[in-house]
Amino acid sequence: MDTVNLELFSAFVFAAALLILMPGPVVTLVVANSLKHGTRFGVITSVGANLGTMTLLIAGGIGLSALLTLMSDLFDLVRIAGAAYLVYLGIREWRSRGAMLQEAEADRRRSLKKVFLHGYLTGITNPKTVIFYVAFFPQFMDSTLPAAPQLVVMTAAFLTVAVLLDGAYALLAGRIRPFLMDARRAVIRARLTGSLLIATGVGLFLTRGGSTA
């Protein structure tokens, strides 16, 4: 027996890719961290964010959406705190004028942990992701096939596409970064990174559902 309807599944992957490509809090955070630290940091941000999204999708898939709804106030408090912190980081970066471009290796390791946590926070503090999951996925499911295997395959495909496309954003931003590393352009890089961090914080604050990217 087929696990998914290939025609519907192909349409789902295409639609998911279009949704993920639309810039949102995850994309802006990935680009900001790639510009500030390099491609590897953008990829780590993407992994963290999509692990956060996966946590919510799995919770929705096993029937915890009611619990997430009850905890929505707590999620909102964490989301607002995280948004405020990202705005603070953005303002600090904007005012840094590109100083301290060379970081010690210990600082870089700490930064890797930070960007992963920032990404995870961005992904998991949107309980409305479950609503997106419930509203979007069923449109591409075949009612003649068992639901559970379809949900598993579609969730895996969605997260794979998200990681690949977010990684592409990280790679592109990382390629641009070397051109912004001299003293004069470092100011531009700092201002651009700061603006993206602020935009991420504002986007996270305003998130009410829809695209997880």
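The values are calculated or read from the model by the stated rules, or taken from the named source; none is laboratory data. The model shown is predicted, which means the values in this text are computed figures rather than measured ones. For neighbour counting, all protein chains shown are included, and Cβ atoms are generated from backbone atoms with ideal geometry for every residue, glycine included.
Summary table
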{"quantity": "Subset of segment 97-116 [in a helix (DSSP H, G or I) and either among the basic types (Lys, Arg) or modelled with pLDDT under 70 (or both)]", "calculated": "GLU105, ALA106, ASP107, ARG108, ARG109, ARG110, LYS113, LYS114"}
{"quantity": "Yes/no for ALA16 being buried (at least 24 other Cβ atoms within 10 Å of the Cβ) and either in contact with a helix residue (DSSP H, G or I) (Cβ under 6 Å, 6 or more places away or on another chain) or at pLDDT 85 or above (or both)", "calculated": "yes"}
{"quantity": "Some residue of segment 41-49 being at pLDDT below 85 and in a helix (DSSP H, G or I)", "calculated": "no"}
{"quantity": "Some residue of segment 122-134 being over 16 Å from GLY52 (Cβ atoms) and either buried (at least 20 other Cβ atoms within 10 Å of the Cβ) or modelled with pLDDT of 80 or more (or both)", "calculated": "no"}
{"quantity": "Only one of ALA162, ALA156 that is assigned to a helix (DSSP H, G or I), small (Gly, Ala, Ser), closer than 16 Å to LEU6 by Cβ and at pLDDT 85 or above", "calculated": "ALA156"}
{"quantity": "Pairs with Cβ under 7 Å, 6+ apart, first in segment 145-168 and farther than 19 Å from MET22 by Cα, second of a type in the set (A, V, I, L, M) and modelled with pLDDT under 85", "calculated": "ALA147/MET141; GLN150/MET141"}
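Matching residues to (1) surrounded by 21 or more Cβ atoms within 10 Å (Cβ to Cβ); (2) closer than 21 Å to LEU151 by Cα; (3) at pLDDT 80 or above:
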site	(1), (2), (3)
ASN33	yes, no, yes
LEU51	no, yes, yes
LEU64	no, yes, no
VAL87	no, no, yes
